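Visitor: Below is a structure I'd like to ask you about.
The values are calculated or read from the model by the stated rules, or taken from the named source; none is laboratory data. All values reported here derive from a predicted model rather than from experimental measurement. Here the Cβ positions follow ideal geometry from the backbone for every residue, glycine too, while neighbour counts run over all protein chains shown. Accessible surface areas use protein heavy atoms only, side chains included; no ligands, DNA or RNA. Shrake-Rupley method; radii C 1.70, N 1.55, O 1.52, S 1.80 Å.
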Amino acid sequence: MLDQATSEDTFTKYDGTRFKGKFLDSAYEAITTGLRENIDDYSTQDIELLKTKIQEMWSESDFIYNIGTGSRARTRMLKMIEFGKKYFKK
């Protein structure tokens, strides 16, 4: 589903108009754990919804606050896992 929704851009930053940049651990942590937790709620008819959620994730204050430079990996991962599970709940 991720490949259909955002292709190879899934784990890169969305700047409001397009995905760009390098692979970001924080995006990977939030998206994969969130979808793993909620995958049974999604179907192939939800591809556009999934794409929109991934794009809009980059505007979520809880996400942005916890991905900043200087955040410790262990702390960030725990926050991203928690965020992803809630955010991708349908």
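Visitor: Tilt of helix 47-57 relative to the longest C-alpha principal axis of the chain, in degrees (0 to 90, nearest 10)?
Guide: Rounded to the nearest ten degrees, it is 20.
Visitor: Simple spin-label model, 7 Å along Cα-to-Cβ: Ser43 to Gln4 in nm?
Guide: My value for the distance between the label points is 1.1 nm.
Visitor: Do any GluC sites (Glu not before Pro) in the range 28-90 lie in a DSSP loop with no more than 15 other beta carbon atoms within 10 Å, and if so, which?
Guide: Those satisfying the criteria are Glu60.
Visitor: When we measure straight from the Cα of Lys86, which lysines land under 23 angstrom away, once same-chain ones fewer than 8 places off are left out?
Guide: Qualifying lysines at Cα under 23 Å: Lys13, Lys51, Lys53.
Visitor: Sticking with this one: Would you work out which of Tyr28, Thr52, Ala73 lies farthest towards the positive end of the dipole of the chain? Charges go on Cβ: Lys and Arg +1, Asp and Glu -1.
Guide: Checked the options; the winner is Ala73.
Visitor: From Cα pairs below 8 angstrom and at least 6 apart in sequence, can you work out the relative contact order of the chain, rounded to a whole percent?
Guide: Once divided by the residue count of the chain, the mean separation gives 38 percent.
Visitor: Ok, one more. Compute the accessible area per residue over the chain, keeping the other protein chains in place, probe 1.4 Å, unit Å².
Guide: Each residue of the chain exposes 65 Å² on average to a 1.4 Å probe.
Visitor: What do the square roots of 5 times the Cα gyration tensor eigenvalues come to for the range 7-47, in whole Å, largest first, as semi-axes of the equivalent ellipsoid?
Guide: 21, 13, 7
Visitor: Right, another one. Test of understanding: extend the Cα→C-beta vector of Ser59 to 7 Å, then name every residue of the range 1-37 with backbone N under 14 Å from that spot.
Guide: Of the residues in the range 1-37, 14-18 have backbone N under 14 Å from the label point off Ser59.
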